[in-house]
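Below you'll find the structure, written out as C-alpha cells, and then a few comments.
The values are calculated or read from the model by the stated rules, or taken from the named source; none is laboratory data. Just so it is clear, the structure is predicted and the values come from calculations on it, not from any experiment. No Cβ is skipped: glycine too gets one built from the backbone with ideal geometry, and neighbour counts run over all protein chains shown.
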Amino acid sequence: MNINKKTFYTITFGEFISNIGDRFQKIAFPILIYQEFHSSFAMGGMVIIELLPQLLLGFVMGYLLDNFDKKKILLWSTLIPALLCSVIPILSKYSVSIFFYYVIAFLIPLFSTLFQTGFSVITPALFEKEELQKYNSQFQGVRTISKLVSPALAGLLMLKFNINSIFFINSASFLLLFFSILISYIPNQGNKENGNDDIKEMFAGFKENFTNIKLRVSLLFTIVVNIAMLGFNATIIYYLQDQLKLSNSLVGIVYSIAGFGSLIAVTLLSTFLNKKDTFILMNISMATIPLVIMASGIVENWIFFGICYSILSGLITIASVSITTIQQQESTEYNIGKILSSSFVIATIFAPFGGILAAYFNWLLNPRLSLVILGLLSSLLVIFIKSYEKKLRGDK
C-alpha cells in the first residue's frame, strides 16, 4: 500500500471511530440538557446554536485551509473537541449556567465542520482526479456504517453506564482521530502568495462557483437537495406518527431501512459506478430525487414509505458524493478550500426554506400532499437548472 492510501485509510478509520462517538454524544447531549434544565426553550436553543458554526465558519474556513498548514488545522480541529467533550461531565457536576453548554454546543460542530471540509481538501492531493469518486464514496460509506451502528450501541452504553460516560467516550474517539492524523503523511499544498488581499481572497470561492459552469450547476443542485431534504426530514415524523399512527419502534425501523439505502449506494459508487462520468451520475440522481419524494407521499403505507426513503437516501448519497467529487476535480490546490466552503455557506443559507415550505403545507393540507408538492417543486427547480445550464453552454 502506497503512503497516500495509507494516509487515507488511517484517517478514515479514525473518523469512523470518532463519528460513532459523535453520534453517541448527539443522543446524550440533549438528554443531559433536558435533565439539567427541563426546558423546551433550552432544547430549542441547542438546535439553533449547533447550526450557527456551519454558517459562520464557512466565510473563513476556505481561506484558512488554502493558506495555512492543513495538517495542523486537522490536528487542532480534533484535539479541541476532545478537550471540550471531557469538560461536559464536570459542568454537569457543578450545575452551571446553560451558557457554558451553549458555548460547547457551538464550538464542537465548528471544529467538526473544519475537519470534514479539511479532509475533502486534502483528498485530491492524495489521489488522481479519476480516483476521487471511488475514495469519496468509501469515506461516505464508513460514515454511513457508523450512523447505522451507533444508536444501538449508545443505548446499550447508557443502560450500563451513566450518561457522563458517553462524553468521555466521545473525547477518547476524538483523541484516536487526532493520533491517526498525527501519524499520517499529508502532502504540502499551495501556500499563500505575498501581496494577496485577504478579504478578497476569503470571497474568491463564491466568485469561482459562479464562473465555472460545472461548479455553478453543482452549487445549484446542492441548494435544491438541501431544501428538498430539510423539507422531507421536517415531514417524516409528522407523517409517520400523526397520519400513519406508527409506534416509536416502527419509526425506528423506517430510519434503519433508509440507512441501508445509503450503504448500498456507496457500495455501488466504489465498485460498479466508480468509472462512470461523475457529472452524469449527479444529473441522474438529481432528476430522480424529486420523483421519489413525490412517490413517498402517494401511497399511504409505511413499508412503501420505508422503501422510498431507502431509495431516496441512496440517491442523496450518490448526489452528495458526485457533487463533492466535481468540486474537487474542478478546483486547484490554491482554491479548493474556498470553493468547498463557499458552496457550503450558500447551500446552508437556502436550506431553511425547505423546512418553512414543509411546515406550511403540513399545516395547510396534510403530510402526504406536502411530500408530493415538495417533490414537484424540487422537480421544477431541477428542470430550470438544466435549462439554465443548456443556455450557459449555448452562450459559450
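Every residue in the range 313-344 that is among the acidic types (Asp, Glu) and crowded, with 24+ Cβ neighbours inside 10 Å, please.
Matches in the range 313-344: none.
Each row is one residue, and each column tells you yes or no for (1) over 16 Å from Gly21 (Cβ atoms); (2) under 14 Å from the mean Cα position of the chain (by Cα); (3) surrounded by 22 or more Cβ atoms within 10 Å (Cβ to Cβ); (4) free of Cβ contacts under 8 Å to residues at least 40 places away in the same chain.
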| position | (1), (2), (3), (4) |
| --- | --- |
| Ile80 | no, no, no, yes |
| Ile88 | no, no, yes, no |
| Ser97 | yes, no, no, yes |
| Thr113 | yes, yes, no, no |
| Phe127 | yes, no, no, no |
| Gln140 | yes, yes, no, no |
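If we scan the range 168-189, do we find a residue that is over 13 Å from Tyr63 (Cα atoms), assigned to a loop (DSSP other than H, G, I, E, B) and at pLDDT below 80?
Yes, that holds for at least one residue.
I'm told Ile253 meets every condition in (1) surrounded by fewer than 16 Cβ atoms within 10 Å (Cβ to Cβ); (2) touching a residue at least 12 places away in the same chain (Cβ under 8 Å); (3) outside any helix (DSSP H, G or I) except one. Can you identify the failing condition by its number?
The number of the failed condition is (3).
The conditions are (1) assigned to a helix (DSSP H, G or I); (2) of a type in the set (Gly, Ala, Ser); (3) modelled with pLDDT under 75, and Ser146 fails exactly one of them. Which is it?
(3)
Evaluate the following for Ile326: is it assigned to a helix (DSSP H, G or I), in contact with a Gly (Cβ under 9 Å, 6 or more places away or on another chain) and touching a residue at least 12 places away in the same chain (Cβ under 8 Å)?
No; evaluated as a whole, the condition is false for this residue.
Name every residue in the range 218-248 that is hydroxyl-bearing (Ser, Thr, Tyr) and buried (at least 21 other Cβ atoms within 10 Å of the Cβ), in order of residue number.
Across the range 218-248, the qualifying residues are Ser218, Thr222, Thr235, Tyr239.
Which of the residues spanning the range 88-143 are of a type in the set (Phe, Trp, Tyr), under 21 Å from Leu32 (Cα atoms) and in a helix (DSSP H, G or I)?
Scanning the range 88-143 gives Phe99, Phe100, Tyr101, Tyr102, Phe106.
Check Phe350, Phe384, Phe361 and return the single one that is of a type in the set (A, V, I, L, M, F, W, C), buried (at least 19 other Cβ atoms within 10 Å of the Cβ) and in the same structural domain as Trp302 (by TED's automatic domain parsing).
Unique residue meeting the criteria: Phe361.
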